[in-house]
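The values are calculated or read from the model by the stated rules, or taken from the named source; none is laboratory data. Given the structure is predicted, the values throughout are model-derived calculations rather than measurements. As a convention, Cβ positions derive from the backbone with ideal geometry for all residues, glycine included, and neighbour counts pool all protein chains shown.
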Amino acid sequence: MRIAIASDHAAYELKAVLADWLREQGHAIEDLGTDGPDSVDYPDYGYRLAEAVAGGRAEKGVALCGSGIGISISVNRNPACRCALVSEPLSAKLAREHNDANVIAMGARLTGIDMAKACLTAFLTSDFAGDRHARRVDKLSHPPQLETSR
């Protein structure tokens with residue numbers, strides 16, 4: 001699988017470990033940075049990751065920052081991306097099965113290496129369930145027109 005991975009400075013060490021591990025699993029990895037502890041802005045890396053997934057360069061994405069929150073928000077600004085912030089494998093599995101998530105986000109300050117690997121395994125080995133979930137996922141990219149007057 002082609003996987004893009006990106007992080008801010010708080011998660012660059014976790015990113016390096018996960019990128020190497022994913023390569024060992026046979027995946028093609030596009031590392032979008034950052035590559036050191038110097039302070040950077042997580043939205044820049046979230047937008048890069050979203051562009052790689054939305055543009056088809058990567059089938060899936062891995063977004064990492066200190067908490068996982070900021071970078072997941074930036075990835076989700078792209079309507080072609082469905083980024084799920086997870087901290088354990090069940091959430092990662094359900095993000096794929098129910099939400100057809102194509103990007104997983106984790107917080108390096110909150111998730112250890114072994115747990116991050118378990119989340120990635122669940123995410124990458126789960127498929128979208130479709131059926132009733134397909135209608136809901138479609139609404140994520142094409143929201144219905146809501147009446148604004150009361």
- [ ] Could you tell me which residue of the stretch 98-119 is surrounded by the fewest Cβ atoms within 10 Å (Cβ to Cβ), considering only residues that are touching a residue at least 40 places away in the same chain (Cβ under 8 Å) and under 20 Å from residue 52 (Cα atoms)?
- [x] 99
Task: Options 95, 54, 122: the member that is in contact (Cβ under 8 Å) with a residue 12 or more places away in the chain, closer than 16 Å to residue 6 by Cβ and not basic (Lys, Arg) - done: 54
- [ ] Evaluate the stretch 55-64: report whether one residue or more is farther than 15 Å from residue 126 by Cβ and part of a helix (DSSP H, G or I).
- [x] no
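Could you identify the single residue in 39, 141 that is surrounded by fewer than 13 Cβ atoms within 10 Å (Cβ to Cβ), touching a residue at least 60 places away in the same chain (Cβ under 8 Å) and of a type in the set (S, T, N, Q)? Working first, answer last.
Numbers: 39 fails: touching a residue at least 60 places away in the same chain (Cβ under 8 Å).
Matching residue, one of 39, 141: 141.
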- [ ] Among the residues of the stretch 9-36, write down those that are acidic (Asp, Glu) and either buried (at least 18 other Cβ atoms within 10 Å of the Cβ) or within 14 Å of the chain's Cα centre (by Cα) (or both).
- [x] 30, 31
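Being outside any helix (DSSP H, G or I) and either over 20 Å from residue 136 (Cα atoms) or at pLDDT below 95 (or both) is the filter here; which residues of the stretch 102-116 pass it? Quick ask: steps written out before the conclusion?
Kept after step one, since they are outside any helix (DSSP H, G or I), are these residues of the stretch 102-116: 102-112.
Those that are outside any helix (DSSP H, G or I) and either over 20 Å from residue 136 (Cα atoms) or at pLDDT below 95 (or both): 105, 106, 107, 108, 109, 110, 111, 112.
Taking the stretch 21-44, which residues are farther than 17 Å from residue 111 by Cβ and assigned to a helix (DSSP H, G or I)? Walk me through how you get there before you give the answer.
First, the residues of the stretch 21-44 that are farther than 17 Å from residue 111 by Cβ: 23-41, 43-44.
Selection gives 23, 24, 43, 44.
Looking only at the stretch 65-86, how many residues end up being in a loop (DSSP other than H, G, I, E, B) and surrounded by fewer than 24 Cβ atoms within 10 Å (Cβ to Cβ)?
First pass over the stretch 65-86, keeping only residues in a loop (DSSP other than H, G, I, E, B): 66-68, 76-82, 86.
Going one step further and asking which of them are surrounded by fewer than 24 Cβ atoms within 10 Å (Cβ to Cβ), we end up with 66-67, 76-80, 82.
Number satisfying all stated conditions: 8.
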